[in-house]
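The values are calculated or read from the model by the stated rules, or taken from the named source; none is laboratory data. Model, not experiment: these values are computed from the prediction. Cβ atoms come from the backbone with ideal geometry, glycine included; neighbour counts cover every protein chain shown. Note: areas computed on protein heavy atoms with side chains; ligands, DNA, RNA excluded. Shrake-Rupley method; radii C 1.70, N 1.55, O 1.52, S 1.80 Å.
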Amino acid sequence: MAKPKKKPADNTIAQNKKARFDYALGEKFEAGLELQGWEVKSLRAGKIQLVDSFVQFHRGEAWLMGALVSPMQSVSTHYVAEPNRKRKLLLHRRELARLQQGVEQKGYTVVCTALYWKNHLVKAAIALAKGKAEHDKRNTEKERDWNREKQRVVRDHNR
């Protein structure tokens, strides 16, 4: 008798938490990602870092830059893998035009906030973002600490 396949609890591959801290995220988009076979295997193993990743536009196409996909040992023995290569993002023309308009405005950039599985495809969650000033970051941190403290008080009060 065949064992039933276990579904993963979460389809998220990697998140860019630093982007949420450093930027005020605006409009969000979902983009496909053009990958090589060894990269898909590494993503399944969770060997990716999105910390310094960003989206750059070149000749009417969007490219994911700075995402580090570490090659697995089994792949790197017979294939020359580029961990920091630029990866093409697959978007509709209207979405590309909207993102490029946003980037042309002062202070805006496009960052990748997460990678996740959608059926058998890898999708990138990207967002139009504006950089936060240092005092905005401190306010975000204070607010997060205050919310955590409120949760503790409520939890302890209910006991």
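Here segment 83-108 and segment 39-74 have alpha carbon centers that stand 15 Å from each other. Database remark: amide H of Ala14 closer than 5 angstrom to the amide H of Leu115 (H placed geometrically; neighbours at sequence offset of 5 or more, or on other chains; Pro and chain starts carry no H).
Phi angles of segment 142-159 translate, via the Karplus equation with coefficients 6.51, -1.76, 1.60 and θ = phi - 60°, into HN-Hα couplings of 4, 5, 5, 5, 5, 5, 5, 5, 4, 4, 5, 5, 5, 5, 5, 5, 6, 6 Hz per residue; Gly and Pro are given as x. Arg138 sits with roughly 130 Å² accessible to a 1.4 Å probe, with DNA, RNA and ligands left out of the calculation.
Put simply, the amide H of Leu90, placed in the peptide plane, has neighbours under 5 Å in Gly32, Leu33, Glu34, leaving out anything fewer than 5 places away on its chain.
Would you tally the net charge around Glu30, using a Cβ to Cβ cut-off of less than 10 Å, leaving Glu30 out, and scoring K and R as +1, D and E as -1? Neighbour charge sum, excluding Glu30 itself: +2.
Amide H contacts of Ala67 (H built 1.01 Å from N, in plane; Pro and chain starts excluded): Phe54 sit under 5 Å, all sequence-distant by 5 or more or on other chains. Per-residue ellipticity at 222 nm from helix content only, as computed over the chain with -39500 (n - 2.57) for each DSSP H run of at least four residues, stands at -10000 deg cm²/dmol. Would segment 33-73 count as rounded, prolate or oblate if I go by the C-alpha gyration tensor, calling it rounded below 1.5 in a/c and otherwise prolate when a/b exceeds b/c, oblate otherwise? Oblate, because a/c is 1.5 or more while a/b does not exceed b/c. Hey, which of these cross-link pairs are over 28 Å Cα-Cα: Lys86/Lys118; Lys88/Lys142; Lys41/Lys130? Over 28 Å apart, Cα to Cα: Lys88/Lys142; Lys41/Lys130.
A DSSP coil position with no more than 14 other Cβ atoms inside 10 Å describes the following chymotrypsin sites (Phe, Trp or Tyr not before Pro) in segment 57-115: Tyr79. Excluding ligands, DNA and RNA, the accessible surface per residue across the chain is 72 Å² with a 1.4 Å probe. Determine the shape class of the chain: with a ≥ b ≥ c the square roots of the Cα gyration tensor eigenvalues, call it rounded for a/c under 1.5, and otherwise prolate if a/b is greater than b/c, oblate otherwise. Note, shape of the chain comes out oblate. Accessible surface of the chain, 1.4 Å probe: 49 percent of it comes from carbon and sulfur atoms.
Accessible surface for Glu34 stands near 90 Å², nearest 10, in the context of the full protein assembly shown (1.4 Å probe). Here the 3J(HN,Hα) profile of segment 11-27, calculated from phi with Karplus coefficients 6.51, -1.76 and 1.60 at θ = phi - 60°, is 8, 6, 8, 7, 10, 10, 5, 5, 5, 5, 7, 7, 10, 8, 7, x, 5 Hz, Gly and Pro shown as x.
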